[in-house]
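Below is one structure, written out as structure tokens; the observations come after it.
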Amino acid sequence: EPEVTQTPSHQVTQMGQEVILRCVPISNHLYFYWYRQILGQKVEFLVSFYNNEISEKSEIFDDQFSVERPDGSNFTLKIRSTKLEDSAMYFCASSDLRGTGKNEQFFGPGTRLTVL
Amino acid sequence: SQQGEEDPQALSIQEGENATMNCSYKTSINNLQWYRQNSGRGLVHLILIRSNEREKHSGRLRVTLDTSKKSSSLLITASRAADTASYFCATDLRTGGFKTIFGAGTRLFVKA
């Protein structure tokens, strides 16, 4: 069964460093998402991406964040200068064409980002 | 209150009992989904109900949606210890793009 994969599973970085979190969505999906979940808290929407551009973004997704689909398979989230409060689990998700109104999102296992 | 709030925050039941979780939201939605998350793991999609549907079933899951009250419920019948997890509702908002907002979740503990 196809699945969303994410690498690395755990990233430790120093405050102020840049990190890139990588995701490989399900191959025939067209819609891509990043979410974060601070330990013990709810899943927060960061950004959605469709047709090679950002579709929606939340107030969390400020200028420190960027997303890219550098090739036909990868979808990346970059944090330019990490802060302590960026420590969280980051989930990537993808979904199929939305023409039916369905948006079942398939989630990756997550990357745990720890900022020291 | 925030979009997609669940109650109760935590629920502890005996195996075999039914578990009901509720979700309320504030803005217009395209559809509403329920996800499950085992501790420290990714989210698993359980069921999606469209804004023009009132009830949906999938195995032991039953979801209702009341758009007039902006609320949904998830019922798990004949619960099992393996159902122990956090359950989140997520609303796909009616925006120009694609935005999904998750609630705070209900932590379900099923005792064997």
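Right, B:ASP92: of a type in the set (Asp, Glu), touching a residue at least 40 places away in the same chain (Cβ under 8 Å) and out of contact with any Ser or Thr (no Cβ under 7 Å at 6 or more places or on another chain) or not? Even if it seems obvious, please write down each step before you answer.
On the way: of a type in the set (Asp, Glu): yes; touching a residue at least 40 places away in the same chain (Cβ under 8 Å): yes; out of contact with any Ser or Thr (no Cβ under 7 Å at 6 or more places or on another chain): no.
Against the criterion (of a type in the set (Asp, Glu), touching a residue at least 40 places away in the same chain (Cβ under 8 Å) and out of contact with any Ser or Thr (no Cβ under 7 Å at 6 or more places or on another chain)), B:ASP92 does not qualify.
Checking the conditions here, which among B:CYS23, B:CYS89 is in contact with a Phe, Trp or Tyr (Cβ under 9 Å, 6 or more places away or on another chain), in a strand (DSSP E or B), modelled with pLDDT of 90 or more and under 28 Å from A:CYS23 (Cα atoms)?
B:CYS89
Taking only pairs six or more apart or across chains, which ones have beta-carbon atoms under 6 Å, a first residue in the stretch B:23-52 that is away from chain A (no Cβ under 11 Å) and open to solvent by less than 20 Å² (accessible area, probe 1.4 Å), and a second residue that is in a strand (DSSP E or B) and of a type in the set (Ser, Thr, Tyr)?
Partner pairs satisfying both residue conditions: B:CYS23/B:SER72; B:TYR25/B:THR91.
Residues checked against (1) open to solvent by 30 Å² or more (accessible area, probe 1.4 Å); (2) in a loop (DSSP other than H, G, I, E, B); (3) at negative phi:
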residue: A:GLN11; (1), (2), (3): yes, no, yes
residue: A:GLY16; (1), (2), (3): yes, yes, no
residue: A:ILE26; (1), (2), (3): no, yes, yes
residue: A:MET89; (1), (2), (3): no, no, yes
residue: A:SER94; (1), (2), (3): no, no, yes
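From the list A:LEU116, A:LEU21, A:LEU77, pick out the single residue that is among the aliphatic types (A, V, I, L, M), open to solvent by 40 Å² or more (accessible area, probe 1.4 Å) and in contact (Cβ under 8 Å) with a residue 24 or more places away in the chain. It would help to see each step written out before you state the result.
On the way: A:LEU21 fails: open to solvent by 40 Å² or more (accessible area, probe 1.4 Å); A:LEU77 fails: open to solvent by 40 Å² or more (accessible area, probe 1.4 Å).
On inspection, the qualifying residue turns out to be A:LEU116.
Are there any pairs, at least 6 apart or on different chains, whose C-beta atoms fall under 7 Å, with the first in the stretch A:99-113 and more than 7 Å from chain B (Cβ to nearest Cβ) and part of a helix (DSSP H, G or I) and the second open to solvent by less than 10 Å² (accessible area, probe 1.4 Å) and at pLDDT below 90, and if so, which?
Qualifying pairs under 7 Å: none.
Which one of the conditions (1) open to solvent by 70 Å² or more (accessible area, probe 1.4 Å); (2) within 15 Å of B:GLY97 (Cα to Cα) does A:LYS83 fail to meet, given that it meets all the rest?
Here A:LYS83 meets the rest and fails (2).
Look at B:ILE13 and say whether it is over 20 Å from A:PHE91 (Cα atoms), modelled with pLDDT of 95 or more and open to solvent by less than 70 Å² (accessible area, probe 1.4 Å).
Details: over 20 Å from A:PHE91 (Cα atoms): yes; modelled with pLDDT of 95 or more: yes; open to solvent by less than 70 Å² (accessible area, probe 1.4 Å): yes.
Yes; evaluated as a whole, the condition is true for this residue.
The values are calculated or read from the model by the stated rules, or taken from the named source; none is laboratory data. Please read these numbers as outputs of a predicted model, since none were measured by experiment. Virtual Cβ from ideal backbone geometry, glycine too; neighbours counted across all protein chains shown. Just so you know, the surface numbers come from the protein's heavy atoms only, side chains and all, with ligands and any DNA or RNA stripped out. Shrake-Rupley method; radii C 1.70, N 1.55, O 1.52, S 1.80 Å.
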